[in-house]
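One structure below.
The values are calculated or read from the model by the stated rules, or taken from the named source; none is laboratory data. Given the structure is predicted, the values throughout are model-derived calculations rather than measurements. Positions of Cβ are backbone-derived with ideal geometry, glycine not excepted, and every protein chain shown enters the neighbour counts.
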């Protein structure tokens, strides 16, 4: 499958259009000898044929089996591989060339960047004193020190206000740097702050489509939730919280995470597709965004330009459209289990991380009754994963996934004990 997109003028126009749209500056000059994180030239290609030749020299095949920076062999789960192939099939069906180019750039970035953590995301807490001070400033400034940022075509719809954060930018950055370093298991001194913006206030009916962030600067990031007013918190409402969504996370599964005021959502923002793709059912949701990169980070925009597969602009063949998406690896690490509630309505099931960060709800809050008595909840688990059934603040039962064979039905009887699956 070869591309007919061969003229120098056309390829430059495509590159510049995307880079300017995303706020990045291009590297000028003809293709030269300088190398980037992947080993491609530092200058943009002067033709599609030149670009494809560099791709084949550097990556050899699609999808690439090495991650950068560091030339690290890929270790992807079968679920993640399936998800990526399905996504790439959908991208290949896009007919509008500029949008197809942008989506392939994003996909190349996801495929070839290395990851720092197993799942690509985590949850922590902003120090309570900082959160109190930020919340006070937000409530003081939200009706006077604002400007409307507007929409971003293809990604963001609805009204967004930027509220003055006052003198709290540096304390927030310092606190989050410590938290991210611990989560990602990197030396705090090796993280370079690249940007902090907020308090960004999304208004009712806002939508933030899933995306990845700037590959040169937004590598290890955090969303700090300052405050929100969701309809889901009103008595009798059927509305849902405005979930932070990974699409997928690095294990290969789509996750919906309810991040509450005072909590911090950590994520590998240049690799992990993330967003809030549901419609905001509530008056507002106010966040601060904090971004870091590792010291000496060499990955550049041009790495992903040369990372697009040959023939990216061509439509898929009939065979490519009809053949089943298969795995190159076994997915034996995952177990498929069922949690059955035989206790009472109003119970929550939570995944308990093996570190100091906050548990993640597998289902909605207990007051939404998403796991009613008598119902069965299907969950993919890894050996060693810990789950708790809770009613309010009470832990009813604890399970730890193991390799023990037997029934895949795990029943909550309301007895506060811990046992292995």
Q: Those residues that are in a helix (DSSP H, G or I) and surrounded by fewer than 18 Cβ atoms within 10 Å (Cβ to Cβ), I need them from segment 157-169; list them, please.
A: 166, 167, 169
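Looking at this structure, is residue 343 outside the structural domain of residue 197 (by TED's automatic domain parsing), in contact with a strand residue (DSSP E or B) (Cβ under 6 Å, 6 or more places away or on another chain) and at pLDDT 85 or above? Spell out the reasoning first.
Numbers: outside the structural domain of residue 197 (by TED's automatic domain parsing): yes; in contact with a strand residue (DSSP E or B) (Cβ under 6 Å, 6 or more places away or on another chain): yes; at pLDDT 85 or above: yes.
It is true that residue 343 is outside the structural domain of residue 197 (by TED's automatic domain parsing), in contact with a strand residue (DSSP E or B) (Cβ under 6 Å, 6 or more places away or on another chain) and at pLDDT 85 or above.
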**Q.** Number of the condition not met by residue 199 [criteria: (1) out of contact with any helix residue (DSSP H, G or I) (no Cβ under 6 Å at 6 or more places or on another chain); (2) touching a residue at least 12 places away in the same chain (Cβ under 8 Å)]
**A.** (1)
(Q) One residue is enough: does segment 350-366 have a residue meeting the conditions buried (at least 16 other Cβ atoms within 10 Å of the Cβ), over 22 Å from the mean Cα position of the chain (by Cα) and modelled with pLDDT of 75 or more? (A) no
(Q) Given (1) at pLDDT 95 or above; (2) in a loop (DSSP other than H, G, I, E, B); (3) not assigned by TED's automatic domain parsing to the domain that holds residue 40, identify the lone condition not met by residue 290. (A) (2)
(Q) Just to be sure before I move on: is residue 237 in the same structural domain as residue 101 (by TED's automatic domain parsing) and touching a helix residue (DSSP H, G or I) at 6+ places or on another chain (Cβ under 7 Å) in the structure I sent? (A) no
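For the condition in a loop (DSSP other than H, G, I, E, B), modelled with pLDDT of 80 or more and within 30 Å of residue 63 (Cα to Cα), what is the one hit in 314, 330? Reasoning before the result, please.
On the way: 330 fails: modelled with pLDDT of 80 or more.
So the residue among 314, 330 that is in a loop (DSSP other than H, G, I, E, B), modelled with pLDDT of 80 or more and within 30 Å of residue 63 (Cα to Cα) is 314.
So how many residues does segment 112-156 have that are in a strand (DSSP E or B), more than 19 Å from residue 261 (Cα to Cα) and touching a strand residue (DSSP E or B) at 6+ places or on another chain (Cβ under 7 Å)? Spell out the reasoning first.
As a first pass, look at segment 112-156 and keep what is in a strand (DSSP E or B): 113, 121-125, 146-148, 152, 156.
Add one more test, that the residue is more than 19 Å from residue 261 (Cα to Cα), and what stays is 113, 146-148, 152, 156.
Checking the rest, the ones that are also touching a strand residue (DSSP E or B) at 6+ places or on another chain (Cβ under 7 Å) come to 113, 146-148, 156.
Count: 5.
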Q) Which condition does residue 99 not pass, out of (1) surrounded by fewer than 17 Cβ atoms within 10 Å (Cβ to Cβ); (2) under 19 Å from the mean Cα position of the chain (by Cα), if it passes all the others? A) (2)
Q.
Quick test of your reading of the structure: residue 53 fulfils all but one of (1) under 30 Å from residue 186 (Cβ atoms); (2) at pLDDT 90 or above. Name the failing condition by number.
A. (1)
